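*Asks:* The structure that follows is given in the form of structure tokens.
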Amino acid sequence: MRNPILRFVMTVTCLVLGSAPFQDQAEGYTFTSIDLPGATFTSATGINNGGQIVGNYEDVTGSHGFLDSGGSFTSINVPGATDTYVSGINNGGQIVGNYDDATGSHGFLDSGGRFTPIKVPGAITTVPTGINAGGQIVGTYYDATMSHGFLDSGGRFTPINVPGATSSSATGINAGGQIVGHYLDATGNHGFLDSGGRFTPINVPGATFTYVSGINAGGQIVGTYDVATGSHGFLDSGGRFTPIKVPGATDTEVSGINAGGQIVGTYLNATGSSHGYLATAPEPSSLLLIGSGLVGLLAWRWKHAA
């Protein structure tokens, strides 16, 4: 292509429409740390479309869940529990997690401060991890032999077991009923997408371990993978993997994503302390608007210069 203006037009078009190298796609994210005052440990585990974030923290009294609404923190503690752990939140503000008491570990649903126990019949332990806008809940339960994923639709429990796996766990569900999770087989640990009972493995290229934790309404999937350099988060958009790494962190884990592409998770810093974070992607509409304007202007100039 000899015309320099046309060549520049094509270069801008490729960059704006997403043909940049794989590594560059993680650039532009804005990372905000989430730390509860007085906590020795903070992790973020879920986010809904309204931007409400849930997670967990530890202080001198034990482990607690939290709800972060625009920077205003509310502690979540199941009555009578020694420890409470929160895993997910839906657009209606319903929260799921598990708690420990003298009799063991149990699942719960928190609807506006009203706690309802969740237990898979016959299970030793039930751990809910995700809930969608319709109130469907997914998680993991343990019996005497292995772990299994489950789907709870209004109190009706359906096991989720990846064929050939020695253990399965379900971690997230979107409004369309697509379920994600992870499983273990003879070759290692893998993520999966369950669309109506059809399982698709998810493996980050080059990773020794892939753990999937969440899916949004658009089918974007997030999770964590291990390589020789440590643990890193990832975003899977239709099979295209983007690394998510908090600047300066030794390890980054991704736990949840909402419809707007906001991501939450946990990172470790150089001293080994744990912090939650919110990652916000750059606005694609702005980039497209700028790019299309440049392309149009340069194309006009090329046409009239010819």
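*Asks:* Just to be sure I understand, how many residues within the stretch 176-220 are polar (S, T, N, Q) and more than 16 Å from residue 238 (Cβ to Cβ)?
*Replies:* 5
*Asks:* Look at residue 219 and say whether it is open to solvent by less than 70 Å² (accessible area, probe 1.4 Å), small (Gly, Ala, Ser), under 14 Å from residue 178 (Cα atoms) and at pLDDT 95 or above.
*Replies:* So residue 219 passes the test.
*Asks:* Another question about this same structure. Limited to the stretch 34-61, what total is found for residues that are farther than 24 Å from residue 257 by Cβ and not in a loop (DSSP other than H, G, I, E, B)?
*Replies:* 2
*Asks:* Failed condition for residue 158, given (1) surrounded by fewer than 19 Cβ atoms within 10 Å (Cβ to Cβ); (2) more than 28 Å from residue 185 (Cα to Cα), with all others met?
*Replies:* (2)
*Asks:* Being among the β-branched types (Val, Ile, Thr), open to solvent by less than 50 Å² (accessible area, probe 1.4 Å) and out of contact with any His (no Cβ under 9 Å at 6 or more places or on another chain) is the filter here, so list the residues in the stretch 72-121 that pass it.
*Replies:* 89, 95, 96
*Asks:* Taking the stretch 122-147 as the region of interest, how many residues are open to solvent by less than 10 Å² (accessible area, probe 1.4 Å) and closer than 22 Å to residue 49 by Cβ?
*Replies:* Qualifying residue count for the region: 6.
*Asks:* Filter the stretch 43-68 down to residues that are over 16 Å from residue 32 (Cβ atoms) and acidic (Asp, Glu), then give me how many there are.
*Replies:* Qualifying residue count for the region: 2.
*Asks:* One residue is enough: does the stretch 55-71 have a residue meeting the conditions surrounded by 20 or more Cβ atoms within 10 Å (Cβ to Cβ) and either within 23 Å of residue 234 (Cβ to Cβ) or modelled with pLDDT under 95 (or both)?
*Replies:* Yes, there is a match, as at least one residue in the stretch 55-71 is surrounded by 20 or more Cβ atoms within 10 Å (Cβ to Cβ) and either within 23 Å of residue 234 (Cβ to Cβ) or modelled with pLDDT under 95 (or both).
*Asks:* So the check is Cβ under 9 Å with 6+ separation or different chains; which pairs have a first residue in the stretch 203-220 that's farther than 16 Å from residue 254 by Cβ and without any contact (Cβ under 8 Å) to a residue 24 or more places away in the chain and a second one that's charged (D, E, K, R) and not in a loop (DSSP other than H, G, I, E, B)?
*Replies:* 208/226
*Asks:* Return yes or no: is residue 150 open to solvent by 30 Å² or more (accessible area, probe 1.4 Å) and either in a strand (DSSP E or B) or touching a helix residue (DSSP H, G or I) at 6+ places or on another chain (Cβ under 6 Å) (or both)?
*Replies:* Answer is no for this residue.
*Asks:* Do you know which residues across the stretch 229-254 are assigned to a loop (DSSP other than H, G, I, E, B), in contact (Cβ under 8 Å) with a residue 12 or more places away in the chain and either under 21 Å from residue 188 (Cβ atoms) or β-branched (Val, Ile, Thr) (or both)?
*Replies:* Within the stretch 229-254, 246, 250 qualify.
*Asks:* Turning to a different aspect of this structure: Here's a check for you: in the stretch 234-257, which residue that is closer than 13 Å to residue 44 by Cα and not aliphatic (A, V, I, L, M) is most open to solvent (accessible area, probe 1.4 Å)?
*Replies:* Filtering first and then ranking leaves 253.
The values are calculated or read from the model by the stated rules, or taken from the named source; none is laboratory data. This one's a predicted model, so the numbers in the text were calculated from it and none came from an experiment. Glycine also receives a Cβ, built like all others from the backbone with ideal geometry; neighbour counts cover every protein chain displayed. Accessible surface areas use protein heavy atoms only, side chains included; no ligands, DNA or RNA. Shrake-Rupley method; radii C 1.70, N 1.55, O 1.52, S 1.80 Å.
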